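Reading through the structure tokens given below for one structure.
Just so you know, all these numbers are worked out from the coordinates, no wet-lab data involved. Since the model is a prediction, treat every value here as computed from it, not as a measurement. A quick note on method: Cβ atoms are made from the backbone with ideal geometry, for glycine too, and the neighbour counts reach across all protein chains shown.
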Amino acid sequence: MPTHDLNVTAVRAVNDALHKLPPDTNETLWQIDNPEGRHAIGVGIDAPVDVEINGHVGYYCGGMNKQASIRIHGNAGTGVAENMMSGLVHVMGDASQSAGATGCGGLLVIDGDAAARCGISMKGIDILVKGSIGAMSAFMAQAGSLVVLGNAGDALGDSIYEASIFVRGHVKSLGADCIEKPMTSEDRDRLADVLRRGGIDGEAKVEDFRMYGSARQLYHFHVDNIESY
Amino acid sequence: MSVPPIRTVPRFSATFDRYTISEIQRAAATGIYDIRGGGAKRKVPSFDDLLFLGASISRYPLEGYREKCGTDVVLGSRFAKKPIRLKTPVTIAGMSFGALSGPAKEALGRGASAVGTSTTTGDGGMTNEERGHSSLLVYQYLPSRYGMNPDDLRRADAIEIVIGQGAKPGGGGMLLGQKISARVAKMRTLPEGIDQRSASRHPDWTGPDDLEIKIEELREITDWEKPIYVKVGASRPYYDTALAVKSGADVVVIDGMQGGTAATQEVFIENVGIPTLAAIRPAVQALQDLGMHRKVQLIISGGIRNGADVAKALALGADAVAIGTAALIALGDNDPHLEAEYQALGTTAGAYDDWHEGRDPAGITTQDPELAKRLDPIVGGRRLANFLSVLTLETQTIARACGKSHIHNLEPEDLVALTVEAAAIARVPLVGTAWIPGQGKY
Ligand SMILES: Cc1cc2nc3c(=O)[nH]c(=O)nc-3n(C[C@H](O)[C@H](O)[C@H](O)COP(=O)(O)O)c2cc1C
């Protein structure tokens, strides 16, 4: 298994090696030690590899990931898995703000809490947060599911489009045009699917969640919406 | 017998002019601000207020056509492994697929490629047509991140991080429902037909320290190959330029308030941001103060119309310019041949700016397939290539007259200003004097 100590090898060299992997590589297990909060670790990977990162990472770890499974044995800085396309990013600790921002696909799992703006502008990614999320999460979220076992901060789902938010705990406040919605059987299936893929099948029951989404009142400019503009 | 009253002719107010009155009436009837395309229409200090001095006894001109006057530009020489090499200093600015039709984007690519310059995507992602027809394509990285993906990043020739636009510094994008066709909606991951507003702030970074890390991430994803531009609307050009340089940009793009937009509130277009002319000297000053002039390149846009504008921007220190509106006009926007159709839309050729409505008779700012068909991308591309060639020739004409063997040798000393304002703003002497307001001479 290729092992890289970031106190010895630069992030650039590791990313370069990951980018040069041929599609049929059998070097599928990568270990990265001593990340020590460095930024942009494992960004832009496009190969079905498993990357184990032992320690805390800085900004944008796993950014734009395609196919790879990246496990962070520590906390993650701003924008972990930002704009992910597919694959998995799993943060064993807590995540800073804008986790999973603009993600288009794949699954982001955060074992701890996520700070503000979790899932901001998400475009199809699924995000599972086992702890709680901060304010302004799922702001302008377009598609995908944000599942939270804990609580949500202020202005959840402000100006949300067609993403779905499932929260088991308490929601401090909802943002503009975000409302609680009844869950259809399809919604329940989607939620169950995210829970299953996040490996917490059974531990959390679908019935314990409430779902939030767009009231679709801001989809057209209208004088009566003036307070929301 | 009654005497007819003697009246004055009707007097219109300078304050409540006809346009202002019509806007109050429109606002009262609809309850919503006016949205339109184009840039600031008010008169502002501009390149028109500057003149070149040309050669004289102390300066030799170059012989037109015979002596070479170089026009090549390299963008991204600071960090990128693969800088962009242009044959002309005029590039095509970012205009989204969505705001523009597919054939219009293709025509821009064809025209730009024919003369060896770049074109730019926009707030809506990269299309295959556009990539295919643009030999040099700059991929915009916007707050909305619509359609953003690593494959398109890797197939781009450069990346432009958009912080703002001259028409609306501090404003996000707008695309009204009429233009959110099925294809546009899919590319943006949005429901069809909604009035779409894009974010005005980036979702995963705030401030220059974060921007530096964001640029590092984009470089890592693309293996340090692509030049990274940072585009700002002109408002605080000195500090924005300095901060972009500090954040690691290869190229700074500054767009003045005359710069076009596809759809923005009129009040925003006309009242926020500063004129293009006013942005150049502070930006160049910042580059010089940091020892980065010509190392980090400066692209200027907003109301560039002809080779004189290009030459003046370069003389004040820019490395290249970008055009939007003029390129659309070259394709056929606001063509007098369409007058009857403009009249039917309540406007006239030369004033049509309802680009947000998607009913463009020229088939450029629309997603209506029937209207879009009106623009032949091959003919449009040819017209744009012609126009770009004229801009280049005009720029060279002026440069040669000033005795320069390369357009980048134009300098502020070649210029004078017609007005005190322009002299102060451009930091060149008032014509016929040695006076640069604010610089201590008499
Ligand atoms: C129809 C249209 C669409 C535009 N879309 C974008 C965009 O998506 N992103 C962007 O950064 N600027 C956009 N702009 C601004 C241009 O990139 C450029 O800054 C401006 O057009 C330059 O000024 P000019 O039109 O006077 O040449 C758009 C402009 C127009 C006219």
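Data table
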| read-out | value |
| --- | --- |
| Pick from the range B:332-355, criterion more than 11 Å from the ligand (Cβ to nearest atom) and touching a residue at least 40 places away in the same chain (Cβ under 8 Å), ranking: surrounded by the most Cβ atoms within 10 Å (Cβ to Cβ) | B:Gly332 |
| B:Gly358 within 12 Å of the ligand (Cβ to nearest atom), more than 14 Å from chain A (Cβ to nearest Cβ), within 18 Å of B:Leu384 (Cα to Cα) and not charged (D, E, K, R) | no |
| Complete set of residues in the range A:15-30 that are of a type outside the set (A, V, I, L, M) and more than 14 Å from chain B (Cβ to nearest Cβ) | A:Pro22, A:Asp24, A:Thr25, A:Asn26, A:Glu27, A:Thr28, A:Trp30 |
| Residue among A:Ala192, A:Ala135 that alone is touching a residue at least 12 places away in the same chain (Cβ under 8 Å) and in contact with a helix residue (DSSP H, G or I) (Cβ under 9 Å, 6 or more places away or on another chain) | A:Ala192 |
| Subset tally (residues that are in a helix (DSSP H, G or I) and either under 9 Å from B:Leu316 (Cα atoms) or polar (S, T, N, Q) (or both)) for the range B:414-432 | 1 |
| Scope the range B:24-73; condition away from every other protein chain (no Cβ under 14 Å), over 19 Å from the mean Cα position of the chain (by Cα) and surrounded by 15 or more Cβ atoms within 10 Å (Cβ to Cβ); matching residues | B:Asp49, B:Leu50, B:Leu51, B:Phe52, B:Leu53, B:Ala55, B:Pro61, B:Leu62, B:Cys69, B:Thr71 |
| Which numbered condition A:Leu128 misses (of (1) touching a Gly at 6+ places or on another chain (Cβ under 8 Å); (2) within 14 Å of chain B (Cβ to nearest Cβ)) | (2) |
| Breaking point among (1) within 16 Å of the chain's Cα centre (by Cα); (2) within 11 Å of chain B (Cβ to nearest Cβ); (3) among the basic types (Lys, Arg), for A:Arg12 | (1) |
| Residue in the range B:94-144 that is nearest to B:Pro169 (Cα to Cα), counting only those that are of a type in the set (D, E, K, R) and in contact with a His (Cβ under 7 Å, 6 or more places away or on another chain) | B:Glu106 |
| Checking B:Glu217 against (1) more than 24 Å from the chain's Cα centre (by Cα); (2) more than 10 Å from chain A (Cβ to nearest Cβ), the condition it does not meet | (2) |
| Enumeration of residues in the range B:361-381 that are in a loop (DSSP other than H, G, I, E, B) and surrounded by 21 or more Cβ atoms within 10 Å (Cβ to Cβ) | B:Pro361, B:Ala362, B:Gly363, B:Ile364, B:Thr365, B:Thr366, B:Gln367, B:Leu375 |
| All positions within the range B:253-308 that are without any contact (Cβ under 8 Å) to a residue 24 or more places away in the chain and closer than 30 Å to B:Ala27 by Cα | B:Asn271 |
| Residue match in the range B:141-163 (condition: polar (S, T, N, Q) and within 14 Å of another protein chain (Cβ to nearest Cβ)) | yes |
| Residue ranges of helices (runs of 4 or more DSSP H) in the range B:87-197 with at least 1 members surrounded by 23 or more Cβ atoms within 10 Å (Cβ to Cβ) and within 11 Å of the ligand (Cβ to nearest atom) | B:102-114 |
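Each row is one residue, and each column tells you yes or no for (1) of a type in the set (A, V, I, L, M, F, W, C); (2) more than 30 Å from A:Tyr161 (Cβ to Cβ); (3) more than 14 Å from chain A (Cβ to nearest Cβ).
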residue	(1), (2), (3)
B:Thr206	no, no, no
B:Val232	yes, no, yes
B:Ala263	yes, no, no
B:Ile269	yes, no, yes
B:Gly273	no, no, yes
B:Ala286	yes, yes, yes
